[in-house]
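Q: Here it is, the structure, as structure tokens.
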Amino acid sequence: MTLASVLRLSLGPALALAVAGCQSLGGGQSAPPETAQPVDVRKFIGPDYCPQLSVRSGTEVLRRYERGHEDDKASIVWQASIGDTARECLYDGQGNLTIRIGVSGRVAAGPKGGAGDVTLPLRIAVTRAGQIVLSSDLHIIQATIPPELSTVFAQVYEVTVPSPGEHRDYLVYVGFDDQAKKK
């Protein structure tokens with residue numbers, strides 16, 4: 001459930017009680033009925049739309065191999081994988097949508113690896129209809145593999161793009177960008 005949905009569900013009953021309370025006068029008398037003006041709650045909490053977030057196929061795992069032994073499982077130095085993602089959307093009323101994106105995963109040493117520092121290139125892209133790129137940013141995650149040979153990472157990033165308006169065709173992709181940086 002999005003933050004907007006939670007706010008809408010919690011504000012609806014509270015707003016009804018507040019309006020009912022305003023119509024009551026001391027002594028149990030009611031005020032004369034007035035013409036109620038409809039209130040668009042969305043202008044206070046934003047539209048009820050947050051783009052779908054997915055890990056782009058083929059980018060969920062990143063491996064480093066011993067030189068000259070690429071694609072040999074016995075020669076893996078380390079392997080990183082994306083385990084979970086989440087997103088939250090915030091509309092600013094100025095025509096922008098800020099998407100807060102959380103990414104977590106694990107880095108583990110392979111048969112040819114050990115404890116040490118690892119650089120993970122993470123790409124976050126926001127597209128319209130999967131075709132038009134609205135934003136594409138490379139983020140570098142620094143992780144240290146401890147003597148136990150495995151660690152987790154968790155990062156949160158914010159991306160601001162134009163509000164989709166009435167369109168509901170934005171897509172957010174995350175994944176490792178193997179071509180961006182190798183270590």
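Readers should treat all values here as calculations from the given coordinates under stated rules, not as data from a laboratory. Predicted model, so just to flag it, every value in this text is computed and none were measured. Here the Cβ positions follow ideal geometry from the backbone for every residue, glycine too, while neighbour counts run over all protein chains shown.
Q: With the cut-off at 1.5 for a/c, could you classify the range 96-183 from its C-alpha gyration tensor as rounded, prolate or oblate?
A: Because a/c hits 1.5 or more and a/b exceeds b/c, the range 96-183 counts as prolate.
Q: Around Pro146, with a cut-off of 13 angstrom between Cβ atoms, what is the net charge of the other residues, counting Lys and Arg +1 and Asp and Glu -1?
A: Within the 13 Å Cβ shell, the charges total -1.
Q: Just to check I understand the Karplus step: with θ = phi - 60° and J = 6.51 cos²θ - 1.76 cosθ + 1.60, what whole-Hz values come out for the range 65-79, glycine and proline as x?
A: Here the 3J(HN,Hα) series is 10, 4, 3, x, 10, 4, 6, 9, 4, 6, 10, 6, 7, 8, 9 Hz.
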